[in-house]
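Visitor: Shown below is the structure under consideration.
The values are calculated or read from the model by the stated rules, or taken from the named source; none is laboratory data. The model shown is predicted, which means the values in this text are computed figures rather than measured ones. Here the Cβ positions follow ideal geometry from the backbone for every residue, glycine too, while neighbour counts run over all protein chains shown. When the accessible area is computed, the model is the full protein with side chains, heavy atoms only, and any ligands, DNA or RNA have been set aside. Shrake-Rupley method; radii C 1.70, N 1.55, O 1.52, S 1.80 Å.
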Amino acid sequence: MIRKFITKIALLIPLITILTACAGLQTTPIPNSPIRVEFTQWWGDYTLLVAQEKGFFKKYGVEVEPVYYDIFSDTYPDLAAGQIDGALIAVGDTINVNRNALMKVVAVHDNGGNDAIVVSPEINSIQDLRGKKIGIQTGSQYELIVAEMLRSANMNVGDVTIVSINPEDALAALENKKVQAAYIWEPYLSDSLANGYKIIYPREQLHLFPDMIVFRKSIVDERPEDIRAFLKAWFEAVEYRLQNPEETRTIAAKYLNISVEDVLPDDNLKILTLEDNKQIFDIQEEKLNLLHHKNHI
């Protein structure tokens, strides 16, 4: 079931044409209206901030406005309604938003990192969750993880009570005894573990839900050169941040209005480069050269 879910991403990605232009892009005039792109408190999203702070977007002729969301799930209705033009969201989130407004995935920007179901100290096994409350962002792909966890213990969702909880609020829900388990991701996962909660599932990281750079289809269709310029700047920022992780923390702290000490690097998260994307989608250099040539005929 999970594998079938992941393969749906192939229906959403026009990636070859977009990445082709990253090999040899000409700068274009900056448009009047900036492209508004969501970010949240997530180590993978900070590439957007590095590109903005270091002037990479302007270098390639596109104006971008990073838009911060304190609650990640608030991104979905705004993206569907056109309040923002793009977002940095997981594959399942993209599929859900695509039901209401057509989206296009233009790249994979990280591997999803570590996320897990954490439990209160008194819970020692999955079976101990029978009759207990599990907090999860309902209507999301993460419900699949809960279902798979229960299945591994010969249980099903009828054996527990599902409570709608955003990962940002999971630690508070655990502390207030609102739930006895919660699905959570970084940086909130580390906060939960530091406060005495523990991972019950999965024991090994699955990386099922990589994070994508997603734009509304109308934006890609109307402003393809801007999207190409965005990606050129993005991947330059990736290379920069990989070489300058401490400066990345400083930049993120500035945009988040928090201390540098509160910006915690996620060493388990893999930030994906342009070369990684070429390998993921099996884009060979010969294909890039051929497509680039056709685009100039």
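Visitor: If residue 163 satisfies all but one of (1) over 16 Å from the mean Cα position of the chain (by Cα); (2) farther than 30 Å from residue 274 by Cβ; (3) open to solvent by less than 10 Å² (accessible area, probe 1.4 Å), what's the number of the condition it fails?
Guide: The one condition residue 163 does not meet is (3).
Visitor: Residues in region 40-53 that are touching a helix residue (DSSP H, G or I) at 6+ places or on another chain (Cβ under 6 Å) and open to solvent by 30 Å² or more (accessible area, probe 1.4 Å): how many?
Guide: Taking region 40-53 as the starting set, the residues that turn out to be touching a helix residue (DSSP H, G or I) at 6+ places or on another chain (Cβ under 6 Å) are 40, 46-47, 49-51, 53.
Right, trim to open to solvent by 30 Å² or more (accessible area, probe 1.4 Å) and you get 53.
So the answer is 1.
Visitor: Working carefully through the options 144, 171, 189, find the one that is within 22 Å of residue 262 (Cβ to Cβ) and within 20 Å of the chain's Cα centre (by Cα). Step through it out loud before you land on a result.
Guide: Working: 144 fails: within 22 Å of residue 262 (Cβ to Cβ); 171 fails: within 20 Å of the chain's Cα centre (by Cα).
Going through 144, 171, 189 in turn, the sole match is 189.
Visitor: Next question, about the same structure. crowded, with 20+ Cβ neighbours inside 10 Å and in a loop (DSSP other than H, G, I, E, B): does that describe residue 179? Steps first, answer last, please.
Guide: Values: crowded, with 20+ Cβ neighbours inside 10 Å: yes; in a loop (DSSP other than H, G, I, E, B): yes.
Against the criterion (crowded, with 20+ Cβ neighbours inside 10 Å and in a loop (DSSP other than H, G, I, E, B)), residue 179 qualifies.
Visitor: What pairs come out if I take residues in region 232-243 that are closer than 13 Å to residue 59 by Cβ and pair them with residues that are part of a helix (DSSP H, G or I) and polar (S, T, N, Q) whose C-beta lies under 8 Å away, six or more apart or interchain?
Guide: Hits for this filter: 234/47; 237/47.
Visitor: Restricting attention to region 252-272, which residues are more than 13 Å from residue 42 (Cα to Cα) and not in a loop (DSSP other than H, G, I, E, B)? Even if it seems obvious, please write down each step before you answer.
Guide: To start, the set of residues in region 252-272 that are more than 13 Å from residue 42 (Cα to Cα) comprises 254, 257-261, 272.
254, 260, 261 - these are the residues of region 252-272 that are more than 13 Å from residue 42 (Cα to Cα) and not in a loop (DSSP other than H, G, I, E, B).
Visitor: Moving to a separate point now. Is there a residue being open to solvent by 50 Å² or more (accessible area, probe 1.4 Å), within 16 Å of the chain's Cα centre (by Cα) and on the phi > 0 side of the Ramachandran plot anywhere in region 207-223?
Guide: So far as region 207-223 goes, yes, one or more of its residues are open to solvent by 50 Å² or more (accessible area, probe 1.4 Å), within 16 Å of the chain's Cα centre (by Cα) and on the phi > 0 side of the Ramachandran plot.
Visitor: Okay, next question. Looking at (1) under 23 Å from residue 270 (Cα atoms); (2) at pLDDT below 95; (3) not aliphatic (A, V, I, L, M), which is the only condition residue 32 fails?
Guide: All conditions pass for residue 32, except number (1).
Visitor: Same structure again: Residue check, residue 293 against (1) surrounded by 12 or more Cβ atoms within 10 Å (Cβ to Cβ); (2) at pLDDT below 95; (3) part of a helix (DSSP H, G or I); (4) not acidic (Asp, Glu), all met but one. Which one?
Guide: Just one mismatch for residue 293, condition (1).
Visitor: Further question on the same structure: Restricting the first residue to region 35-63 and requiring it to be over 30 Å from residue 167 (Cβ atoms), which pairs with a second residue that is buried (at least 20 other Cβ atoms within 10 Å of the Cβ) meet a Cβ separation below 6 Å and a spacing of at least six or different chains?
Guide: Close Cβ pairs satisfying both conditions: 60/229; 60/232; 60/233; 61/229; 62/226; 62/229; 62/230.
Visitor: Taking region 137-160 as the region of interest, how many residues are part of a loop (DSSP other than H, G, I, E, B), open to solvent by 30 Å² or more (accessible area, probe 1.4 Å) and not polar (S, T, N, Q)?
Guide: First, the residues of region 137-160 that are part of a loop (DSSP other than H, G, I, E, B): 137-142, 153-156, 160.
Filter once more, so that each one left must be open to solvent by 30 Å² or more (accessible area, probe 1.4 Å): 138-139, 154, 156.
Among the residues that remain, those that are also not polar (S, T, N, Q) are: 139.
Residues that pass the stated criteria total 1.
Visitor: Scan (1) in a loop (DSSP other than H, G, I, E, B); (2) farther than 29 Å from residue 81 by Cα for the single condition residue 246 breaks and write down its number.
Guide: Every listed condition holds for residue 246 apart from (1).
Visitor: Mind checking which residues of region 38-61 are closer than 17 Å to residue 272 by Cβ and assigned to a strand (DSSP E or B)?
Guide: 39, the sole residue that qualifies.
Visitor: Would you be able to tell me the number of residues in region 182-195 that are at pLDDT 85 or above and open to solvent by 40 Å² or more (accessible area, probe 1.4 Å)?
Guide: Total satisfying the criteria: 4.
Visitor: Tally up the residues in region 62-116 that are open to solvent by less than 10 Å² (accessible area, probe 1.4 Å), among the β-branched types (Val, Ile, Thr) and in a loop (DSSP other than H, G, I, E, B), please.
Guide: Going through region 62-116 one residue at a time, the tally reaches 2.
Visitor: Also: Could we say that residue 119 is buried (at least 16 other Cβ atoms within 10 Å of the Cβ) and in contact with a strand residue (DSSP E or B) (Cβ under 6 Å, 6 or more places away or on another chain) here? Before the answer, list the steps.
Guide: On the way: buried (at least 16 other Cβ atoms within 10 Å of the Cβ): yes; in contact with a strand residue (DSSP E or B) (Cβ under 6 Å, 6 or more places away or on another chain): yes.
Considered against the rule, which asks whether it is buried (at least 16 other Cβ atoms within 10 Å of the Cβ) and in contact with a strand residue (DSSP E or B) (Cβ under 6 Å, 6 or more places away or on another chain), residue 119 comes out as yes.
Visitor: Among the residues of region 80-99, what is the count of those that are aliphatic (A, V, I, L, M) and either more than 19 Å from residue 46 (Cα to Cα) or without any contact (Cβ under 8 Å) to a residue 40 or more places away in the chain (or both)?
Guide: Restricting attention to region 80-99, the residues satisfying the condition of being aliphatic (A, V, I, L, M) are 80-81, 84, 87-91, 95, 97.
When the remaining residues are screened for being either more than 19 Å from residue 46 (Cα to Cα) or without any contact (Cβ under 8 Å) to a residue 40 or more places away in the chain (or both), the result is 80-81, 95, 97.
The number of residues fulfilling the criteria is 4.
Visitor: Output the residues belonging to region 182-232 that are of a type in the set (D, E, K, R), assigned to a helix (DSSP H, G or I) and touching a Leu at 6+ places or on another chain (Cβ under 9 Å).
Guide: Going through region 182-232, the residues of a type in the set (D, E, K, R) turn out to be 186, 191, 198, 203-204, 211, 216-217, 221-223, 225-226, 228, 232.
Add one more test, that the residue is assigned to a helix (DSSP H, G or I), and what stays is 191, 217, 221-222, 225-226, 228, 232.
Selection gives 191, 217, 225, 228, 232.
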